[in-house]
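As structure tokens, the structure follows; a few thoughts come after it.
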Amino acid sequence: SPSPSRHRGSSFVPFDAKNSSSESGEDDHRAALETVLKLYSAIKSQSLRELSDIIGDECRCVCNFFSFFQPLEGKKQVLDFFTYLIRSLGNNIEFVVKPTLHDGMNVGVSWRLEWNKKHVPLGKGFSFHICQVYHGKVFIKNVEMFMEPLLHIGPFRLVSYLKLLHKF
């Protein structure tokens, strides 16, 4: 098993995307994986501009992180969600990601949230992303993020948990 390498605070495991013998579309398929990894890199670096560059205008996002389970529709709602997530995570919590599925424009990622100063795991989950090519550029069209039920983090519980961890 290849060892993870550090990239902008997120752990990425090298992934061989050669599951098609055809040259056509292979670059787009590789770009889909790269685009999804850019999503987590943008979250880590707290770059709303980078997020905006890869989220499609008609993006749809489903996430079970919070008590409500309502799909977010369109780029503005999805960016608002990621902005809220970035603010909730702050500078001390990061996604450590590992691609698990790469089939054309579909990319699966397993991840865990980790307290980066103490290397304390906070929860784990998986995400499924569907990408599309528009005007020669790959965008994320659909995001589904699921965290283990026991570890759903509401904003107030997250703040309390962070205060508790900070004491250690």
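Where a number appears in this text, it was derived from the coordinates with a stated rule and is not lab data. Everything numeric here is computed off the predicted structure, so don't read it as measured data. Every residue, glycine among them, receives a Cβ derived from its backbone with ideal geometry; neighbour counts consider all protein chains shown.
Okay, here's what the table says:
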| item | result |
| --- | --- |
| Total charge dipole magnitude, the stretch 92-148, about the Cα centre, Cβ charges on Lys, Arg, Asp, Glu only, Debye to nearest 20 | 180 |
| Karplus (6.51, -1.76, 1.60) ³J(HN,Hα), θ = phi - 60°, over the stretch 94-106, in Hz, Gly and Pro reported as x | 9, 7, 10, 10, 8, x, 10, 9, 8, 10, x, 8, 9 |
| Derived scalar couplings ³J(HN,Hα) [the stretch 31-38; Karplus, 6.51 cos²θ - 1.76 cosθ + 1.60; whole Hz; x for Gly, Pro] | 5, 5, 4, 4, 5, 5, 5, 5 |
| Exposure proxy ranking, count of Cβ atoms within 10 Å, fewest first, for V143, V78, V62 | V62, V143, V78 |
| Ranked packing of 96-102, 49-55, 38-44, most packed first, by mean Cβ within 10 Å | 38-44, 96-102, 49-55 |
